[in-house]
Each structure stands twice: as structure tokens, then as C-alpha cells.
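To start, the structure under review is shown below, and the notes come after it.
The values are calculated or read from the model by the stated rules, or taken from the named source; none is laboratory data. Predicted model, so just to flag it, every value in this text is computed and none were measured. Cβ coordinates were reconstructed from backbone atoms using ideal geometry, including for glycine residues, and neighbour counts include every protein chain displayed.
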Amino acid sequence: MNKKIGNSITVLESGTAQDVAKIMVSIIKENYEHKDVINAAEVVAGYMNTEDWPLVYALAYYAYKCAYFHADTPTRQTIRKPQRTISERRANCVDYTVLICSIAKHFTKNVAFEICAVDSEEFNHVRPVINGDICDVVPAQNQEGVEFYERKCNSFPTFVDIYPTKNKFYSI
């Protein structure tokens with residue numbers, strides 16, 4: 001069962017990874033032209049121009065500066081629209097992915113995300129894939145797949161995980 005609440009959709013425990021993925025794709029497609037996302041894309045473009053950074057690095061940097069990590073409860077997954085993530089300044093791997101993919105659509109058509117297993121046989125993590133590069137801004141998870149590293153806004157750890165991949169993903 002899903003609940004739609006203003007700037008988010010909550011998927012309860014009975015939802016599958018595929019349910020979450022479908023909702024994420026829908027939210028990205030419906031919200032990438034929102035004024036807050038357009039403003040975020042302008043900031044990312046600024047990073048690319050002034051710092052001479054590649055798109056994937058500029059997106060990761062923006063996400064780190066935009067929000068701090070905040071886990072959902074084990075029994076439900078709230079999928080925040082990008083404008084909510086920007087205004088509340090908190091996110092988990094799903095929210096960061098929605099935000100990054102929404103912004104990336106202003107720069108490239110090659111936007112996707114991967115739902116994957118981290119230290120588990122179950123799908124318990126999601127990360128954006130931009131132009132074939134993984135842009136994973138959630139730095140750590142425990143064995144149950146729950147992100148446990150909490151950091152303050154405006155911090156940018158040196159261990160950001162950006163590397164090429166050849167796997168198949170959910171295209172947007």
C-alpha cells in the first residue's frame with residue numbers, strides 16, 4: 001500500500017523494490033522541471049564552469065551540500081520529491097537518487113538508477129547512474145542495509161563513490 005502525502009509518497013513494508021523504483025521514476029519525470037530543481041541545476045552548472053568539474057562530481061557535491069542523511073523507518077520508505085529534499089535538507093539513498101536524477105535530466109538524457117544489494121541478498125540500496133557513472137552519495141550502510149553514517153550539511157567526505165559501471169538500470 002502506498003500513501004501520497006503532498007511532497008512525498010510512502011511505501012509501506014509490503015512494497016517491493018520494484019514498487020519503489022516505479023514511484024521514483026514517476027516522481028523524477030513529474031518534478032524535474034520544478035523551479036527548485038531548475039535552480040539546483042543552475043548551481044550544478046556553476047560548479048561545472050567555475051571548478052571545471054565533470055557532471056557526476058558536480059551533482060554529488062550539490063547533493064552533499066544540499067542535505068544531510070536521514071534514515072526512514074524499517075517498516076516504510078518515504079520517497080521525497082526533489083523540492084522537499086531541498087527544502088527539508090535531509091535525505092536517504094532514495095531521496096538523494098531522486099534529487100540527483102532530477103537535476104541530471106537538465107544536462108543529459110543518459111540518466112538512470114540502480115537498485116542493488118549491499119552486504120545482503122536483498123535489494124536494500126539505490127544509487128544514481130549518470131552517463132554510465134555511479135554517483136553514490138550515501139557513504140556507508142550496516143549489514144541490514146541501513147545507512148548509518150550521519151553527517152552535517154556542507155560536508156563533503158573524500159570517499160564519495162563515483163566509478164564506471166556496465167550493469168542494467170532503471171532508465172528515466
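Among the numbered conditions (1) surrounded by fewer than 17 Cβ atoms within 10 Å (Cβ to Cβ); (2) within 16 Å of the chain's Cα centre (by Cα), the only one that residue 16 does not meet is (2).
Condition check ((1) in contact with a strand residue (DSSP E or B) (Cβ under 9 Å, 6 or more places away or on another chain); (2) in a loop (DSSP other than H, G, I, E, B); (3) of a type in the set (A, V, I, L, M, F, W, C); (4) within 19 Å of residue 91 (Cα to Cα)) across all residues:
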| site | (1), (2), (3), (4) |
| --- | --- |
| 21 | yes, no, yes, yes |
| 25 | yes, no, yes, yes |
| 39 | no, no, no, yes |
| 49 | no, no, no, no |
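Among the residues of the stretch 11-20, is any within 21 Å of residue 133 (Cβ to Cβ) and of a type outside the set (Asp, Glu)? No: the stretch 11-20 contains no residue that is within 21 Å of residue 133 (Cβ to Cβ) and of a type outside the set (Asp, Glu). Elements of the type strands (runs of 3 or more DSSP E) sitting completely within the stretch 64-172 and holding at least 1 residues that are closer than 23 Å to residue 47 by Cβ, out of contact with any His (no Cβ under 7 Å at 6 or more places or on another chain) and at pLDDT 75 or above: these cover 76-80, 111-116, 125-130, 133-136. For the stretch 27-36, enumerate the residues that are within 11 Å of residue 99 (Cα to Cα), of a type outside the set (Asp, Glu) and assigned to a helix (DSSP H, G or I). Listed by number, the residues that qualify are 27, 28, 31.
Annotation note: Cβ proximity below 6 Å between a residue of the stretch 28-40 that is in contact (Cβ under 8 Å) with a residue 24 or more places away in the chain and crowded, with 17+ Cβ neighbours inside 10 Å and a residue that is part of a loop (DSSP other than H, G, I, E, B) and not small (Gly, Ala, Ser) (sequence gap 6+ or interchain) occurs for 28/172; 31/81; 32/105.
Filter the stretch 52-101 down to the residues that are surrounded by fewer than 16 Cβ atoms within 10 Å (Cβ to Cβ) and among the β-branched types (Val, Ile, Thr), then identify the one that is farthest from residue 15 (Cα to Cα). The selected residue is 73. Scanning the stretch 43-51 for any residue that is closer than 19 Å to residue 8 by Cα and at pLDDT 90 or above turns up nothing. What are the residues in the stretch 69-100 that are among the basic types (Lys, Arg) and without any contact (Cβ under 8 Å) to a residue 60 or more places away in the chain, if any? Result: 90, single match.
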